[in-house]
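The values are calculated or read from the model by the stated rules, or taken from the named source; none is laboratory data. Only a predicted model underlies this, so the values are computations on that prediction, with no experimental measurement involved. Positions of Cβ are backbone-derived with ideal geometry, glycine not excepted, and every protein chain shown enters the neighbour counts. To get the accessible areas, we keep the full protein, side chains included, count just its heavy atoms, and leave off ligands, DNA and RNA. Shrake-Rupley method; radii C 1.70, N 1.55, O 1.52, S 1.80 Å.
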Amino acid sequence: MERSRVAVAGASGLIGGALVRSLRADGHEVVRLVRRAPRGVDEVRWDPAGRSVDTAGLAGCDVVVNLAGAGVGDHRWTEEYKKEIRDSRVLGTAALAEAVASLDVPPRVFVSGSAIGFYGDTGDRVVDEDAPPGDGFLPRLCVEWEQAAAPAREAGVRTVFARTGLVVAREGGAWGRLFPLFKAGLGGRLGDGRQYWSFIALHDEVAALRHLVDTRSLSGPVNLTAPQPLTNREITAAMGRVLHRPTLLSVPAPVLRSVLGEMAGDVLGSARVVPKRLLESGFSFAFPGIEDAVRAAL
């Protein structure tokens, strides 16, 4: 990737923050989209809910990366919070896509976040980017989320959807909650543990995002997951081995449903998703296995 000017929405999040650090370390100029008044030349004001962006701040950007959105697992899925999850993604993506399309000299690529939640519960079936959307809140959300990027694509900007899996990181996301439990010896399988989890190391997630930027043949959906999804039972055992802790406990499905409500369906659901297009485009994983990914996070 030649030295570029890159705009990043969601730069304060787990993945966005890591991406910004990686880009700046390699000498790229990074502009962060912020919801408050900018405090420096490297910040641009935007209002996702109001679908407004300071387009002057995007001028000269070669790349726009959209990773903004309220945390899916941060709160119980009340109707109010589901609306926040949706609006933060759909309205924000629409605002950025419209801003990108309006520029006299648009960026060469728009990478927009998405998730493997697109596929829903796929059981034991292996799915790649050719699979249709599933049923439920997350699949419907992902469909709307990707459709919101239409203005950029229609303006001729190469648009890529990063359908991210469960990111293995100590600082946040699902694993940010798992690590303290397992270190305390309280880790265990969720439900019967047979559901597949499609994971990716944070290092590989950032490298894959940069690969999407650099690989001009890629557009549309690309799964960002490690090559071999594992069951929750297998991941639980691997966590125990790496952390040298027992994993004898389990959380029954009825308890999860009682505590998490509708979100329990996502935790107990199975997503055996593979990164077909990423691998075909020549991407190489640094931490393909779960034990490697967990050690990298630590």
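Here are the numbers:
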quantity: Subset tally (residues that are under 19 Å from residue 163 (Cβ atoms), in a helix (DSSP H, G or I) and modelled with pLDDT of 85 or more) for segment 248-298; calculated: 6
quantity: Selection status of residue 84, within 18 Å of the chain's Cα centre (by Cα), open to solvent by 20 Å² or more (accessible area, probe 1.4 Å) and within 19 Å of residue 35 (Cα to Cα); calculated: yes
quantity: Matching option when the condition is under 19 Å from residue 152 (Cα atoms), surrounded by fewer than 24 Cβ atoms within 10 Å (Cβ to Cβ) and of a type outside the set (Ser, Thr, Tyr), among 109, 65, 105; calculated: 105
quantity: Index of the failed condition, residue 115 passing every other in (1) open to solvent by 20 Å² or more (accessible area, probe 1.4 Å); (2) within 22 Å of residue 157 (Cα to Cα); (3) more than 17 Å from the chain's Cα centre (by Cα); calculated: (3)
quantity: The lone exception for residue 12 - which of (1) open to solvent by less than 50 Å² (accessible area, probe 1.4 Å); (2) among the small types (Gly, Ala, Ser); (3) within 16 Å of the chain's Cα centre (by Cα); (4) more than 25 Å from residue 156 (Cα to Cα) it fails; calculated: (1)
quantity: Of all residues in segment 127-138 being in contact (Cβ under 8 Å) with a residue 24 or more places away in the chain and of a type in the set (A, V, I, L, M, F, W, C), the one that is surrounded by the most Cβ atoms within 10 Å (Cβ to Cβ); calculated: 138
quantity: Any strands (runs of 3 or more DSSP E) falling wholly within segment 139-207 and containing at least 2 residues that are of a type in the set (S, T, N, Q) and either touching a residue at least 40 places away in the same chain (Cβ under 8 Å) or surrounded by 22 or more Cβ atoms within 10 Å (Cβ to Cβ) (or both); calculated: 158-164
quantity: Selection from segment 217-246 of residues that are of a type in the set (D, E, K, R) and in contact (Cβ under 8 Å) with a residue 60 or more places away in the chain; calculated: 245
quantity: Flag if residue 67 is out of contact with any Ser or Thr (no Cβ under 8 Å at 6 or more places or on another chain), under 28 Å from residue 175 (Cα atoms) and modelled with pLDDT of 95 or more; calculated: yes
quantity: Check on residue 224, in contact with a Leu (Cβ under 8 Å, 6 or more places away or on another chain), modelled with pLDDT of 90 or more, among the aliphatic types (A, V, I, L, M) and over 18 Å from residue 297 (Cβ atoms); calculated: no
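For every residue, the table says whether it meets (1) within 15 Å of residue 88 (Cβ to Cβ); (2) among the hydroxyl-bearing types (Ser, Thr, Tyr); (3) open to solvent by 80 Å² or more (accessible area, probe 1.4 Å).
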| residue | (1), (2), (3) |
| --- | --- |
| 2 | no, no, yes |
| 8 | no, no, no |
| 17 | no, no, no |
| 22 | no, yes, no |
| 32 | no, no, no |
| 44 | no, no, no |
| 52 | yes, yes, no |
| 59 | no, no, no |
